[in-house]
Structures are given as structure tokens and as C-alpha cells.
1. I need every pair where a residue in the range 40-63 that is touching a residue at least 60 places away in the same chain (Cβ under 8 Å) has its Cβ under 9 Å from the Cβ of a residue that is part of a helix (DSSP H, G or I) and away from ligand 1 (no atom under 16 Å from the Cβ), sequence separation at least 6 or different chains.
2. Select from the range 12-25 the residues that are on the phi < 0 side of the Ramachandran plot and either more than 8 Å from ligand 3 (Cβ to nearest atom) or free of Cβ contacts under 8 Å to residues at least 40 places away in the same chain (or both) and list them in ascending order.
3. Regarding PHE66, is this residue among the aromatic types (Phe, Trp, Tyr) and closer than 14 Å to ARG129 by Cα?
4. For GLU70, which of the numbered conditions (1) within 13 Å of ligand 2 (Cβ to nearest atom); (2) in contact (Cβ under 8 Å) with a residue 40 or more places away in the chain; (3) acidic (Asp, Glu) fails to hold?
5. Hey, can you tell me all the residues within the range 33-50 that are over 18 Å from ILE176 (Cα atoms), aliphatic (A, V, I, L, M) and away from ligand 2 (no atom under 12 Å from the Cβ)?
6. If we keep just the residues of the range 123-179 that are acidic (Asp, Glu) and touching a residue at least 24 places away in the same chain (Cβ under 8 Å), which is farthest from LYS34 (Cα to Cα)?
7. Give the range 92-134 a look and list any residue that's assigned to a loop (DSSP other than H, G, I, E, B), under 16 Å from THR26 (Cβ atoms) and of a type in the set (S, T, N, Q), or say none.
8. Go through the range 78-91 and give me each residue that's part of a helix (DSSP H, G or I) and either free of Cβ contacts under 8 Å to residues at least 60 places away in the same chain or within 15 Å of ligand 3 (Cβ to nearest atom) (or both).
Amino acid sequence: MSTDQHRSRKEKNIILTGFMGVGKTTIGHHIAQKLNRPFIDADQEIEKLLKMPVTQIFSTLGEQKFREIEKDFIIGLCKTTRRSVVSLGGGAFLQLAIRNVCLSTSYVVFLNLGWNAWKERLHLLMDNRPILQGKSLEEIEVLYHARQAVYACHHWRIDLDGLRPEEAADKIVQTIRQAWESSGPMDGTLTDV
Ligand SMILES: Nc1ncnc2c1ncn2[C@@H]1O[C@H](COP(=O)(O)OP(=O)(O)OP(=O)(O)O)[C@@H](O)[C@H]1O
Ligand SMILES: O=C(O)C1=C[C@@H](O)[C@@H](O)[C@H](O)C1
Ligand SMILES: [Mg+2]
């Protein structure tokens, strides 16, 4: 592979997607530190833009407006920003335009946490994830499974069950470094490394 191709692979953003609460924000911080790259959390950037928490955006402007802002923000980011680690909101990949721009400009890593492990974490999420409000555990499980189809659009998947955030970040960093150096295809499952 030419030096130019190496360079362009290193320019790409690394984007984390997956269901809410799987650890995109937490693990994204670690990856950015390890790679010495800027870290961008889409939810936090939208909160800064609108000067209110996501829960308040949902309650005052509604989910539809949040989704429009989320789409504009992520498309703008992918078109203007390079070399960053980006954690998306858990619902971002529901939008085709977001999936397309992420997959075509960046490395997309799907953080996969099994349902049984995820539900142990529900108590940490219930108060500040508006999508969960008023839903029974059964309804949340239906949502969890329904959402998996959109996360199937990715370059790599990492299975998080039993991993601490730092261990997950190490695995992802190892695979990213290999992709930077390799001339082979850039997709697969991180458990293969
Ligand atoms: N590997 C892990 N093991 C245990 N707890 C974790 C792990 N990763 C994250 N957590 C905890 O789970 C909660 C949700 O994590 P985080 O906010 O990073 O998820 P997220 O994927 O960014 O969610 P969202 O899609 O809503 O933005 C936090 O309380 C975090 O400390
Ligand atoms: O899964 C979702 O739909 C969401 C996840 C969060 O990251 C926030 O983007 C918001 O709470 C919506
Ligand atoms: Mg997050």
C-alpha cells in the first residue's frame, strides 16, 4: 500500500455506535486518550449547542426535533472533521443518512452488549435516557432487539460482555492500528484479533 493510502486511513474518524448505555461515551474517552486524538460525544455537543440536557431537548422540543439536530450535527461533523474519536447517541443509526455518512467517511465500530448484561445496567440509565421513560422491561427488550438491525451496518463489531471499558478500548485500538498498517479489507469482528 502506498504512503498516501496509509495517510488517508489515519485521517479517518473512528465512530462508535450501538444501543444506549453499552458504553460508547465511556469507551470513546479511553480510545481517544490511547490514540492521542480529540474525543467528540455527539449527545454532549448537541447539549452544548442547545444549552440544555438531552432529556430537556426531548421534553421541550420533542424527539423529532432532536433527531433533525442530531442528523445535521453528525453529517456536518463527518464532512469537516478528521482524526477524531466520535461517540454517537444510541439512536443515531436509526437514520439512513447518518449511517451512510458515517460508513463512507469513517471507521464505524459497533459496540455490542448482550441483553442479559445490558439489563444489569438499566438502573444507571433509567433517569437520563428519555427513550426509556415509561417503558416496561419487556418493551425495552423489544426495542433492544429491534435496534440491532441498524447497528449491523458497521466496519467492526466488538463484543463487550465481561470487558471493562479500558479492556474494550485496548481491543479497538489494537484493531485500528492494524487497519492503519494493513492493505487488507477494513471490516470484521474485533474478537478475531
Ligand atoms: N464496560 C462497562 N462495564 C460496566 N459499566 C460500564 C461499562 N461501560 C460503561 N459502563 C457504565 O454504563 C453506563 C452507560 O455508559 P455510557 O454513557 O458510556 O453509554 P453510551 O453507550 O454512551 O450511552 P448512550 O447511547 O445513551 O449515549 C455508565 O454508567 C457507565 O459508567
Ligand atoms: O437510543 C436513543 O434513542 C438515545 C440515546 C442517547 O444517546 C441520546 O441520544 C438520546 O437519549 C436518545
Ligand atoms: Mg453516550
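Bear in mind that the values in this text are calculations on the coordinates, not laboratory data. What you see is a predicted model, and the numbers here were worked out from it, not measured in a lab. Using ideal geometry, Cβ is built from the backbone for each residue, glycine included, and neighbour counts are taken over all protein chains shown.
1. Between residues of the range 40-63 that are touching a residue at least 60 places away in the same chain (Cβ under 8 Å) and residues that are part of a helix (DSSP H, G or I) and away from ligand 1 (no atom under 16 Å from the Cβ), the close pairs are PHE58/LYS65.
2. First, pick out the residues of the range 12-25 that are on the phi < 0 side of the Ramachandran plot: 12-17, 19-20, 22, 24-25.
Within the range 12-25, LYS12, ASN13, ILE14, ILE15, LEU16, THR17, PHE19, VAL22 meet the criteria.
3. Details: among the aromatic types (Phe, Trp, Tyr): yes; closer than 14 Å to ARG129 by Cα: yes.
Yes: the conditions hold for PHE66.
4. (2)
5. Scanning the range 33-50 gives LEU49, LEU50.
6. We begin by selecting, within the range 123-179, every residue acidic (Asp, Glu); these are 127, 138-139, 141, 159, 161, 166-167, 170.
From what's left, touching a residue at least 24 places away in the same chain (Cβ under 8 Å): 141, 159, 161, 166, 170.
Values: GLU141: 33, ASP159: 20, ASP161: 21, GLU166: 10, ASP170: 8 Å.
Top of the filtered list is GLU141.
7. First, the residues of the range 92-134 that are assigned to a loop (DSSP other than H, G, I, E, B): 95, 106, 113-114, 120-121, 126-129, 133-134.
Keeping just the survivors that are under 16 Å from THR26 (Cβ atoms) gives 113, 120-121, 128-129.
Listed by number, the list holds a single entry, ASN128.
8. Residues of the range 78-91 that are part of a helix (DSSP H, G or I), as a first pass: 78-80.
Across the range 78-91, the qualifying residues are LYS79, THR80.
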